[in-house]
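The values are calculated or read from the model by the stated rules, or taken from the named source; none is laboratory data. Please read all numbers here as calculations on a predicted model, not as lab measurements. Reconstructed Cβ throughout: ideal geometry from the backbone, glycine too, with neighbour counts over all protein chains shown. Side chains are part of the model used for accessible areas, which takes the heavy atoms of the whole protein and leaves out ligands, DNA and RNA. Shrake-Rupley method; radii C 1.70, N 1.55, O 1.52, S 1.80 Å.
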Amino acid sequence: VQLQASGGGLVQAGGSLSLTCAASGLLIGSYAMSWFRQAPGKEREFVAGISRSGAITDYTDSVKGQYTISRDNAKKTLYLQMNSLKPEDTAVYSCAVRNRYSGTIGSLGDYAYWGQGTLVTVSS
């Protein structure tokens, strides 16, 4: 199983970026998926999650109305559209496949597969 995240880069505050996570080796339609991020010197945190069909989404409070998570199961791809970016959004963003439901949607142990991450840098 491989998850390849891409789309990160340097953007000015107020700008937008669209992240993509391409999966191989598994049928992502069988799994809920999420985006996490880790800022320098901070712990990895949950950003956005989406159900297997894409009908249900969830966001951490700080990105509600700013980010949109979506998926295309036929293309085995997860997306994250990020608008109105702020310097505090700077982090490495990773996608993950959820195969357990022992905790909340942000419980790292519930995720079996992780992408390598893509760096998003927002300048002020």
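Some points to look at:
- Scanning segment 26-40 for residues that are at pLDDT 95 or above and more than 19 Å from Gln66 (Cα to Cα) returns Tyr31, Ala32.
- Within segment 35-56, the set of residues being in contact with a helix residue (DSSP H, G or I) (Cβ under 9 Å, 6 or more places away or on another chain) and surrounded by 19 or more Cβ atoms within 10 Å (Cβ to Cβ) comprises Phe36, Arg37, Phe46, Val47, Ala48.
- When residues of segment 1-34 are limited to those that are within 12 Å of the chain's Cα centre (by Cα) and polar (S, T, N, Q), the one least open to solvent (accessible area, probe 1.4 Å): Ser34
- In segment 62-93, residue nearest to Ala32 (Cα to Cα) [restricted to those that are of a type in the set (D, E, K, R) and open to solvent by less than 60 Å² (accessible area, probe 1.4 Å)]: Arg71
- So Tyr59, is it aromatic (Phe, Trp, Tyr) and loosely packed, with under 15 Cβ neighbours inside 10 Å: no
- Segment 23-44 residues that are within 14 Å of Thr90 (Cβ to Cβ) and part of a strand (DSSP E or B), paired with ones that are open to solvent by 70 Å² or more (accessible area, probe 1.4 Å) and modelled with pLDDT of 95 or more (beta carbon under 8 Å, 6 or more apart): Arg37/Arg44; Arg37/Glu45; Gln38/Arg44; Gln38/Glu45
- Tallying residues that are touching a residue at least 24 places away in the same chain (Cβ under 8 Å) and of a type in the set (A, V, I, L, M) within segment 45-56 yields 3.
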